[in-house]
1. Tally time: how many residues in segment 29-38 are crowded, with 22+ Cβ neighbours inside 10 Å and over 17 Å from residue 93 (Cβ atoms)?
2. Do you know which residues across segment 144-161 are in contact (Cβ under 8 Å) with a residue 24 or more places away in the chain and either part of a helix (DSSP H, G or I) or buried (at least 19 other Cβ atoms within 10 Å of the Cβ) (or both)?
3. State the number of residues belonging to segment 164-211 that are part of a loop (DSSP other than H, G, I, E, B), among the β-branched types (Val, Ile, Thr) and at pLDDT 95 or above.
4. So which of 10, 95 is at pLDDT 95 or above and buried (at least 16 other Cβ atoms within 10 Å of the Cβ)?
5. Return only the number of the condition from (1) touching an Asp or Glu at 6+ places or on another chain (Cβ under 9 Å); (2) under 21 Å from residue 255 (Cβ atoms); (3) in contact (Cβ under 8 Å) with a residue 60 or more places away in the chain that residue 53 does not satisfy.
6. Taking segment 137-161 on its own, how many of its residues are acidic (Asp, Glu) and at pLDDT 95 or above?
7. Considering only segment 178-187, I want to know if a residue exists there that is without any contact (Cβ under 8 Å) to a residue 12 or more places away in the chain and over 26 Å from residue 71 (Cα atoms).
8. Given the options 141, 103, name the one that is of a type in the set (A, V, I, L, M), within 18 Å of residue 208 (Cα to Cα) and surrounded by fewer than 19 Cβ atoms within 10 Å (Cβ to Cβ).
Amino acid sequence: MSRIQSTLATLLAQGRKALIPYVTAGDPFSDATVEIMQALADGGADIIELGVPFSDPMADGPVIQQASERALARGIGLTQVLGFVRDFRRHNTATPVVLMGYANPVERYDQTHGAGRFIRDAAEAGVDGLLVVDYPPEECAQFSADLAAAGMDLIFLLAPTSTEQRIRDVARVATGYVYYVSLKGVTGAGHLDTDAVAEAVPRIRAHVKVPVGVGFGIRDAVTAQAVARVSDAVVIGSRLVQLLNEAPRAQSAAVAKGFMAEIRTALDTL
């Protein structure tokens, strides 16, 4: 059982919901990423999604697009991201880390370092899962198996527009959890319809046997709590990235921990 699967199984047994924050590696300060990751864990995060900066993040809204641009300008690429995870693991061996990004950096890494090196290096660094936005599930059976052999999970997005066939395709290869995109749009969009989420999650669960996390449009404790009532996990990204970008360097960790603690309290009162 992977670290992600073990974490989610423990939460399920406790009747608790998973809290999964997203931050962009190297933003807002490249020397603060590991500190922020630990602060998120200290504040109550169960799994951390660490964004791999990319020049064309098609699923992301302006907040995360700008975070990627800032990180790229500082020279943060996949090699540096793996370094952040490696440093995090020196102090934290319990909190799962999922790399979230796009196919280009992953495939470029193998082109540069040798076939299969990304999976080996990610596992060695302490990565627990991978969410590649533009990897289609019907082409990922071998990749999923290779990740599983290295102790890592492959996570997929599902959306309001996902067909029954798409959900079945994801169900065949997804491990760890699936990430339901609650909105027809990009990260950071508003107008979260919790009733629509409540209708969608059972449709997903009819095919997908791993836990279902919900993200996009969750900005505060109230919306997090509403989503948690019908899902297994709550994913929060854009609002956290925005708060960190607004905070001075000396306050980064405190802001991350405080925001997580607020959401954690809301989830645990369910």
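The values are calculated or read from the model by the stated rules, or taken from the named source; none is laboratory data. None of these values were measured; they are calculated from a predicted model. Using ideal geometry, Cβ is built from the backbone for each residue, glycine included, and neighbour counts are taken over all protein chains shown.
1. Adding up the residues that qualify gives 2.
2. The answer is 144, 146, 147, 148, 152, 153, 154, 155, 156, 157, 158.
3. Of the residues in that region, 3 qualify.
4. 95
5. (3)
6. Result for segment 137-161: 2.
7. No; the residues of segment 178-187 include none that is without any contact (Cβ under 8 Å) to a residue 12 or more places away in the chain and over 26 Å from residue 71 (Cα atoms).
8. 141
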